[in-house]
Amino acid sequence: MEATPSLIEETLPQDTPSQTGGAVISIEFVAYALLILLALVLRFAQLDAVPLTNAEARQALAAWRVVQPNVPGSPILPESPLLFLLHSLSFTVLGGSEFSARLWTALGGIGLILAPLLFRKLLGRGRAFILSVLLTFSPVLLVASRTDSAVVWTVLAGVLALWALWRYVESAQGRFAVLAMVFIASAIFLTDPTGLVFVFILVGAGLFAYWITPRDTLDEETLSPSATVASIVRERVQSWPWQTGLIIAAVTVALVSSLFMLYPAGFSAVSGLLGAFVGGLTTPRPNTPFMFPVLISLFYEPAVLVLGLVAIALLVRRDALNFVERFFIGWLIFAVLASVAYAGTGPEQALWIVMPLAGLTSSLVVGLLMRSEHPLWWDVPAWSKWVVMLVSIALLGMFSIHVQAFARALITSPEGTFQLLNANTASVVWVIISLLFMIIGFFLASSIWGLETTLQGAALALLAFGLVTSLGSGWRAAAVTADNPVELWNRQPVSEDMFLLRQTLQDVADRQTSGFPKIPIVALVPDDGVAAWELRDFVNAKYITDVGDAKAQQIVIMPQTNQPPNLDGNYVGSKYDLSADWSPQSVQFADVLAWWLQRKTRVPSTPVNTLVLWLRQDIYIGTPYQPQVTG
C-alpha cells in the first residue's frame, strides 16, 4: 500500500545521495537531521525555566526520595512506573532539578516525532516526513513533552505496538507479536492511568476500519496476492505466541516498576496506576472543563483540525479511503468519544486527537503537493503554486496583525458591554482590505492557473501559517505563560515565585550553614507537592500538620493567614504565590479574540494559594537567639 509519489517524494529522493569524503548522505537524511535539531531546540531550550506542576512534583519526589533516602518526606506511590524508573536514572546521574525531571519525556516527544519513520514503507517516504513535520510543530505535543506528561509515553507505546502488529502481519515473525504485547502492557501498566483508555481507542479504531472497509478492497491491500485478509488474520491468530508474549510482558512490567528489582516496593506503583484509572472513570480533575481534550485541540490546533476534516471530506468524496485512512478516522472518532466518556482527562490527552488529525492532514498535504493541470492548458508552471502560497501567507500575516490590533481594542470596552466603536478604525479598515485582497487574488490566480492550483497554494499557505502560529502559541504555553492561568492549558499553574522561595532559602543556607542545605525548616505544606519539591535537598526540613509545632522554630513555611500566626517570637515574613486561578467562563464576547490570540482578558487571574516564609528575627539579622519570655 504505497503512497502516490508527489513533489515531496521528489524532494526526498532515496536513490540520489550526495557523497562527500567517502560518506553517503541522502537529502532525506539531512531533512530528518534538521527536523531533529529543531525538535531538540524546542524541547530543551529553557526546560528548567518553569517550576514543576504539582503533578510533576509528585512524580519527581517519588523517585527522589528513593534515590536520596536521607531527604525528608514520606514515600510516595507514583502513578507512572515508567516515569518512576526514568526519574530515578536521571536523578542518580544528574541530580534533582527541573531539567533532569523533564529530560526523558522531552526525548520521548522526539521519539514520537520520528515514529512515522517506522511506517515509511506503509505511508510512503514523503508522507512519513510530512507527518513528522506536523508533529514537530504541534503545540499539544510540544507542551506535553516539556511538562513531563506520561501521556507522551502512552501514545509512543501505542504507536510502537501498532508498528509491531503491522510487522507481524507482514512477516509472520513471532518476535513482532511479542513486541506488540510488551508495548501494549507498557501502555496499560507502566505509563499513565489513561493508558488502558488509549489502548481501547486503538482497538476500536482497528475494528472500525476493518468493519467499514469492503472485503474485496482489503484483499487487494493484502501483502500476498494469493491470500485473503480472512485467511491471513486466521493464520496470524493461530500462530500468535501467547505464552511467550505474556511471560515477557509480565517480566517487563515487573522489572520496570521495581527498578530492575533494586526497589521491590515499586511493584505497588502498578496498582496505584490502575487505582488512578478507576478513579478517573467518575472523578474529573479539579478545574477541568467538560471535554477538555477536545477544547484544547480546537484552541491550539485550528489549522491541523480544519485541514484534517477537509482531508476526510475529500477522501470520502473521491472514494479514496484505504485501510490506513479509515483507521485514522476511527482513531479520531474513538478519541473524541473517550474524551467525553472518561472523566479524568486533562489537556495532555488532546494528543489522542492530534495524532489522527496529523495523519489525515499528511494525506491531504501529499495531494496538495501534486502537480495539477489547467482545464485550458496542458500544464501549469511548477512555480505557480508556490507564488500563490507566498502571496497568501503575506495576506494572512497582514490580516492577522490587524485582527490582533482589533482584538486589543475590543477589550478596552467597559466590562459587560461590546462597543465596536472602541476598535481602532485603521485596524478595521485593514482587516477588510486584507479580506478583499484574498478574494480578488483568489479569483485572479484561479483564472490564470486554474482553480485546483490556486486551492492547493492557498491550503499550503494556511497550513504553513497555521503551523508557525500554533508553534508560537505552544511555546508561549510551555515557556512564557506557563504560570498564567489565562492560558487554557494551565489550570491553577504553579507560580515562578517557587523559584524565588528556593533561592531565598539557599541564601539563608549560605549564611547559616556555609552553603550546605542543613538549616532546620518547618513546613506546614503537603509533602508531595511543588513546595516539597523546592525543599528536596534540605535534609533538616520537617513537615508538620499543626501550627503549634512551628513555635520558636528558626524557619517556618506555611500558608498565608488573615492574622500573623503566634510563633512565640519575633519573625519577619515574606509572601510567595504558589498558584493562581482564572475561569474561562469569565470570557465575554468582546474578549474572545484577545484571549485566543494574545491570552489577554479584562478579568485578571487571582492568587489562590500563597505561602509565607517566616524567618525568626535572629536568623533574619544574624544575631544570637534570645528566647521570648512570657508571663
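The values are calculated or read from the model by the stated rules, or taken from the named source; none is laboratory data. It should be emphasised that the depicted structure is a prediction, and the values quoted were computed from it without experimental measurement. So basically every Cβ, Gly included, is an ideal-geometry build from the backbone, and we count neighbours across all protein chains shown. These area figures cover heavy atoms from the full protein model, side chains too; ligands, DNA and RNA do not enter into them. Shrake-Rupley method; radii C 1.70, N 1.55, O 1.52, S 1.80 Å.
Annotations
- Conditions (1) open to solvent by 50 Å² or more (accessible area, probe 1.4 Å); (2) over 24 Å from residue 303 (Cα atoms); (3) in contact with a Ser or Thr (Cβ under 8 Å, 6 or more places away or on another chain); (4) modelled with pLDDT of 90 or more; number of the one not met by residue 117: (2)
- Tabulated pairs, the range 71-86, first among the polar types (S, T, N, Q), second in a loop (DSSP other than H, G, I, E, B), C-beta under 9 angstrom, 6+ apart or interchain: 74/527; 74/528; 80/150; 80/192; 80/193
- Tallying residues that are part of a helix (DSSP H, G or I), under 24 Å from the mean Cα position of the chain (by Cα) and hydroxyl-bearing (Ser, Thr, Tyr) within the range 170-211 yields 2.
- Scanning the range 151-165 turns up one or more residues that are surrounded by fewer than 24 Cβ atoms within 10 Å (Cβ to Cβ), without any contact (Cβ under 8 Å) to a residue 24 or more places away in the chain and in contact with a helix residue (DSSP H, G or I) (Cβ under 8 Å, 6 or more places away or on another chain).
- Scanning the range 296-309 for residues that are surrounded by 16 or more Cβ atoms within 10 Å (Cβ to Cβ), of a type in the set (Phe, Trp, Tyr) and farther than 30 Å from residue 76 by Cα turns up at least one hit.
- With a requirement of 1 or more residues that are acidic (Asp, Glu), the helices (runs of 4 or more DSSP H) lying completely within the range 46-121 that satisfy it span 54-67, 98-114.
- In the range 97-114, the residues that are more than 27 Å from residue 163 (Cα to Cα) and surrounded by fewer than 21 Cβ atoms within 10 Å (Cβ to Cβ): 97, 98, 99
Yes/no per residue for (1) basic (Lys, Arg); (2) open to solvent by 10 Å² or more (accessible area, probe 1.4 Å); (3) in contact with a Phe, Trp or Tyr (Cβ under 9 Å, 6 or more places away or on another chain); (4) not in a loop (DSSP other than H, G, I, E, B):
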{"residue": "476", "(1), (2), (3), (4)": "yes, yes, no, yes"}
{"residue": "483", "(1), (2), (3), (4)": "no, yes, no, no"}
{"residue": "489", "(1), (2), (3), (4)": "no, yes, yes, no"}
{"residue": "499", "(1), (2), (3), (4)": "no, yes, no, yes"}
{"residue": "504", "(1), (2), (3), (4)": "no, yes, yes, yes"}
{"residue": "507", "(1), (2), (3), (4)": "no, yes, no, yes"}
{"residue": "514", "(1), (2), (3), (4)": "no, yes, no, no"}
{"residue": "517", "(1), (2), (3), (4)": "no, yes, yes, no"}
{"residue": "527", "(1), (2), (3), (4)": "no, yes, yes, no"}
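- Selection of the range 541-589 for residues being in a helix (DSSP H, G or I) and charged (D, E, K, R) yields only 549.
- Of the residues making up the range 159-169, one or more are more than 30 Å from residue 56 (Cβ to Cβ), over 17 Å from the mean Cα position of the chain (by Cα) and either outside any helix (DSSP H, G or I) or β-branched (Val, Ile, Thr) (or both).
- Failed criterion for residue 145 (all others in (1) touching a Lys or Arg at 6+ places or on another chain (Cβ under 7 Å); (2) surrounded by fewer than 24 Cβ atoms within 10 Å (Cβ to Cβ); (3) small (Gly, Ala, Ser) hold): (2)
- Assessment of the range 593-613 against the conditions (at negative phi, in contact with a strand residue (DSSP E or B) (Cβ under 9 Å, 6 or more places away or on another chain) and part of a helix (DSSP H, G or I)) yields no matching residue.
- Looking across the range 244-284, the residues that are open to solvent by 20 Å² or more (accessible area, probe 1.4 Å), modelled with pLDDT of 90 or more and more than 28 Å from the chain's Cα centre (by Cα) come down to 244, 246, 247, 248, 250, 251.
Rundown of residues vs (1) in contact with a Ser or Thr (Cβ under 9 Å, 6 or more places away or on another chain); (2) closer than 17 Å to residue 391 by Cβ; (3) in a helix (DSSP H, G or I); (4) modelled with pLDDT under 90, yes/no style:
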position	(1), (2), (3), (4)
412	no, no, no, yes
416	no, no, no, yes
429	no, no, yes, yes
432	no, no, yes, yes
440	no, yes, yes, no
446	yes, yes, yes, yes
456	yes, yes, yes, yes
461	yes, yes, yes, no
465	yes, yes, yes, no
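- Some residue of the range 601-623 being at pLDDT below 85 and among the basic types (Lys, Arg): yes
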